[in-house]
Amino acid sequence: MAVAAAVLVLLCVAAATMAFTTGDDSPAAPAAHTPTEGSADAGFARDMSVHHQQAVEMSFIVRDRTKNTDVRRLAYDIANTQANQRGMMTGWLNLWGLPVSDAAREPMQWMGMGQEPSADGALMPGMATTAQLDTLRKLSGKKAEILYLQLMTAHHKGGIHMAEGCVQLCRVGTEKKLAQGMVAAQQSEVQLMADLLKERGASPATGSTDHS
């Protein structure tokens, strides 16, 4: 499964390289259409890179807090996929000659819903708070699995919302395709996580756990 994911990422990188260098139907090919500082393409690449980074962090945390094969496999797949996608997006920003971060713009501003990071550490919708991450680090076994699955479900839903925004607003063909792939993959994982939570007597909402 991991090998297949790696092959898919390599194919995506190859396609991206061709789109940016051969002048095909991708809007990114002509210099006139290279994304600008405040474009949706740049905003999505920046914000989703940050969003992905937290998913990778949470997945590494739960990997060390449980021995359950199903949860560890899911965590590995999420960490591997999102780390690779993050690398692609930061690579595009470098290719476009744009900074990887932009302190002058609030997260989600490219979607018309810019917001200041919350006091509890959540930078964007769906992201876990500092307190939630601290709690995850202290749990183990079934309790860690449940909180991880709940936090990652919310995280994926926030990511899906952002990816759908890119599908609508981004102009770079390769980036739009990546966003569409994110929507499909994360929706599938949301359903898988709902099943795993049900097996553990819990629901996707944090705090909704049956300890009986």
(request) Hey, can you grab everything whose amide H is under 5 Å from the amide H of A202? Only 5+ residues off in sequence or another chain; H modelled, so Pro and N-termini drop out. (result) D210
(message) Using a 1.4 Å probe on the protein heavy atoms only, what accessible surface does T34 show? Give it in Å² to the nearest 10.
(response) 50
(request) Enumerate the residues in the range 188-207 having an amide nitrogen under 19 Å from the point lying 7 Å beyond the Cα of K142 toward its Cβ. (result) 193-207
(message) Pairs of alpha-carbon atoms within less than 8 angstrom and 6+ residues apart define the contacts here; what relative contact order does the range 145-212 have, in percent?
(response) 42
(request) Once you have all Cα-Cα distances for the range 61-212, histogram them in 5 Å bins from zero and send the whole-percent values. (result) 2, 9, 15, 20, 20, 15, 11, 6, 2, 0, 0, 0
(message) Tell me the accessible surface of H161 in square angstrom (1.4 angstrom probe, heavy atoms of protein chains only), to the nearest ten.
(response) 80
(request) Output ³J(HN,Hα) for the range 90-98: one whole-Hz value per residue in order, computed from phi by the Karplus curve 6.51 cos²θ - 1.76 cosθ + 1.60 with θ = phi - 60°, and x for Gly and Pro. (result) 5, x, 4, 4, 5, 5, 7, x, 10
(request) Could you order Y76, Y148 by accessible surface area, starting with the largest, using a probe radius of 1.4 Å? (result) Y76, Y148
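The values are calculated or read from the model by the stated rules, or taken from the named source; none is laboratory data. Since the model is a prediction, treat every value here as computed from it, not as a measurement. FYI the Cβ positions are ideal-geometry reconstructions off the backbone, even for glycines, and counts take in every protein chain you see. Just the protein is used for accessible areas: all its heavy atoms, side chains included, with ligands, DNA and RNA removed. Shrake-Rupley method; radii C 1.70, N 1.55, O 1.52, S 1.80 Å.
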